[in-house]
1. For a quick check: with amide H placed at 1.01 Å from N, whose amide H comes under 5 Å from Ile30's, ignoring anything fewer than 5 positions away on the same chain?
2. If each DSSP helix of 4+ residues adds -39,500 (n - 2.57) and the sum is divided by the residues in the chain, what number results at 222 nm, nearest 500 deg cm²/dmol?
3. Once label points are set 7 Å from the Cα along Cα→Cβ at both Leu16 and Leu33, what is their separation, rounded to one decimal in nm?
4. From the C-alpha gyration tensor of the stretch 2-64, pull out the three semi-axes of the equivalent ellipsoid (sqrt of 5λ each), sorted largest to smallest, in whole Å.
5. What FRET efficiency would be calculated for the residue pair Asn25, Glu45, taking the C-beta separation as r and a Förster radius of 22 Å, to the nearest 0.05?
6. Out of residues 5 or more away from Ser55 or on other chains, whose amide H comes under 5 Å of its own, with H placed 1.01 Å from N in the peptide plane?
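What follows is calculated from the coordinates using simple rules that are stated; it is not laboratory data. No experiment lies behind these values; they were computed from the predicted model shown. Counting neighbours? That spans all protein chains shown, and the Cβs are built from the backbone with ideal geometry, glycine included.
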Amino acid sequence: MKIIHLVIKKPGKRILRLINDQSKNNEVEIINLNENITDYESIIEKVMNSDRVISWGNVHSYYLN
C-alpha cells in the first residue's frame, strides 16, 4: 500500500512512531508542505497515485511532541 503523510510541522515522536510502523509493511512518503514547494503538480500526482493520504495539519499538540 502506498501511504503519503502530509505535514506542515515537524512530526512529533508519536506520529513518527506511527509512520515508522506503517513503513514496515507499506511504501510510505512524508511531504512537508512548509518547505519551498514549487512543483504542486507532482504532489497532486503522488496523492492521486497513493492508496491512503494522511494529513497532519490540524492535530492536537499531544501528537506533535
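1. Distant-sequence amide H within range of Ile30: His5.
2. Counting only the DSSP helices, I get -9000 deg cm²/dmol.
3. Placing both labels 7 Å beyond Cα along the Cβ direction yields 2.2 nm.
4. Result for the stretch 2-64: semi-axes of 19, 16, 9 Å.
5. 0.40
6. Under 5 Å from the amide H of Ser55: Leu6.
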